[in-house]
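Notes for the one structure printed next.
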Amino acid sequence: MRLFALGTLLLAFAVVAPPPAIVAHGRTAMHDLVPAPVSVRPARGAFTLRPGTAIASDDAGVAAYLAGVLRPATGYALPIRPKGAISLRLEGAPASVGPEGYQLDVTPRGVTIRARTPAGLFNGVQTLRQLLPASVESPSVRPGPWQVPAGRIVDHPRFAYRGAMLDVARHFHPVETVKRYLDRIALYKINHLHLHLSDDQGWRIAIDSWPRLATHGGSTQVGGGPGGYYTKADYREIVAHAARRHITIVPEIDVPGHTNAALASYAELNCDGVAPPLYTGVKVGFSSLCTSKEITYTFVRDVLRELAELTPGPYVHLGGDEADATSDADFATFVNRVHPMAVSLGKKVVGWHQIAAPDVRHSPGRVLQYWGLTSDDATVTRAVAGGAKVIMSPANKTYLDMKYDATTKLGTTWAALIEVRDAYDWDPGTHLAGVPESAVLGVEAPLWTETLATEKDLEHMAFPRLPAVAELAWSPRSTHDWASFRERLAAQAPRWQTLGIGFHRSPQVPWRA
Ligand code: IFG
């Protein structure tokens, strides 16, 4: 009889409905965040958004952004007021959060995000977003309840440079696609978008002093399609869209190699004075600016001046990869003349790590983007000893144009097959011998588009591997754990479905029904 009574008591306790914000296995959404925060302390209960909920904020831009995220699915007005149950504060955050971190507090009475900068508030908003049901991402009104599990999160990034790259040269992708890519990388606290604006197959940014670069050099693409280019107004629109998401645009003009589109546009840029035809194939390493002609340096100076004027961010990327048609001596001469032009325009130079060639001088603030396949690179080690910083983009870990496995239709395999776990299970802080974590500016996931013509193609290759790289860039090493990450990634999928992101259903991830 006694046993029966105990059983009844336990049963009674079990049927007491847990707070709705608690999902299966006692996990709340606080356990499903990507990237993993530095510290998470769940509490009982939840905050429920109501039709009368208001947003108060010390930064108007982040408040407007948050309202824009929450209004469509909730259908609530969510006015921005001096006082509100959701408050975004620029004081009271612990010093540990630094320039981009935040403290998020949720109680049944309200949500408070504290940070030291608007960027920190923005990052806190991304976390708040993930604490709400996936249906909050819907562009149209969905039923609630709109509950946020209670607790405290204190968070800040491991690396300052958390990047994504979009190659708009091989296949041109329109402004709307770039803006949606910005919306999506913002979900995972990525704060730089590197645009690969020129290559053999296309020149994608209008330059007033050299108009044929875009009108002729931008008139085709891999496979011979119509190509396209950004007008300066288009580019400014992309920069503004990025800035509202606290994302810095890093424009790349790849030189002296990867320049057939420019050479095809102006005969005088060629050593023999003859413009080659436009190129719509996928070979690399066959083109070079004419490093012995003075007009080449006038050309680069004009392009850099106009690009720097369009780019509020601190970096310009000058490529430097696969200059196989340029002798080592000519490459060093060219780079040593051109990088100082960018510095005199107030910019810091990023380049593929080949710019660390022996005879190339260090320019102040220069950053090497490592895309190699090895765990040791003498040129990089030497350049770091000379003051260079490194963005880690090992091609066998972060190149999102690599096939997931042999069955992937899109993409290539030259670096590696990269399934989700391959993109996750490495450490940017220790990847390269001779490059201490203090020299690692951050991580970037390039998306090359030789085989990616449509936005759906981009989505399939970027998701779910981009969130993996984003976690490496943001989260402390102590939270790095594949078993946890794959579960948290599975919890992201309903959000991608609601956002219409056509992601790869990797067999490595326990996607929920
Ligand atoms: N390497 C080339 C890219 C692109 C890529 C495709 C770099 C720095 C192979 N250079 O990656 O232009 O073709 O995976």
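A few comments on the model shown:
- Relative contact order of region 412-512, defined on C-alpha pairs under 8 angstrom at six or more residues apart (%): 33
- Full extension of the chain between ASP324 and GLU91 yields a length gain of 78.6 nm, computed as 0.36 nm times the residue separation minus the alpha carbon distance.
- Folded to 0 to 90 degrees: helix 482-499 orientation relative to the chain principal axis, Cα: 90
- Helical contribution to [θ] at 222 nm, DSSP H n ≥ 4, -39,500 (n - 2.57), averaged over the chain, rounded to 500: -9500 deg cm²/dmol
- Rolling a 1.4 Å probe over the protein heavy atoms leaves ILE80 with an accessible area of roughly 90 Å².
- Peptides 144-150, 425-431 ordered by average Cβ neighbours within 10 Å, highest first: 144-150, 425-431
- Label-reachable residues, region 289-313, where backbone N falls under 19 Å from a point 7 Å from GLU268's Cα toward its Cβ: 289-306
- Extension gain, GLN497 to ASN336, is 53.1 nm, computed as 0.36 nm per intervening residue step minus the present C-alpha separation.
- One decimal place: the segment HIS362-ASP302 gains 19.4 nm when fully extended, by the rule 0.36 nm per residue minus the C-alpha distance.
- Short-range pairs are left out: with C-alpha atoms under 8 Å and at least six residues apart, the relative contact order of region 259-381 is 20 percent.
- 5 angstrom amide H check on MET402, placed H, neighbours 5+ away: THR412
- Taking the longest Cα principal axis of the chain as reference, the axis of helix 294-310 is set at about 20 degrees.
- With each label modelled as a point 7 angstrom along the Cα→C-beta vector, the ASP183-ARG152 pair spans 3.5 nm.
- Cα long-axis angle, helix 60-74 against the chain (0 to 90 degrees, to the nearest 10): 60
- Cross-link reach list, lysines versus LYS456, counting only Cα pairs under 19 Å and skipping chain neighbours closer than eight places: LYS179, LYS403, LYS409
- Note that the chain presents 38 Å² accessible area per residue, ligands and nucleic acids not counted, probe 1.4 Å.
- Portion, in percent, of the accessible area of the chain that falls on carbon or sulfur, probe 1.4 Å: 59
The values are calculated or read from the model by the stated rules, or taken from the named source; none is laboratory data. This is a predicted model, so every value here is computed, not measured. Note that we place each Cβ from the backbone using ideal geometry, even for glycine, and neighbour counts take in every protein chain shown. We work out accessible area using only protein heavy atoms, side chains counted, and drop any ligands, DNA or RNA first. Shrake-Rupley method; radii C 1.70, N 1.55, O 1.52, S 1.80 Å.
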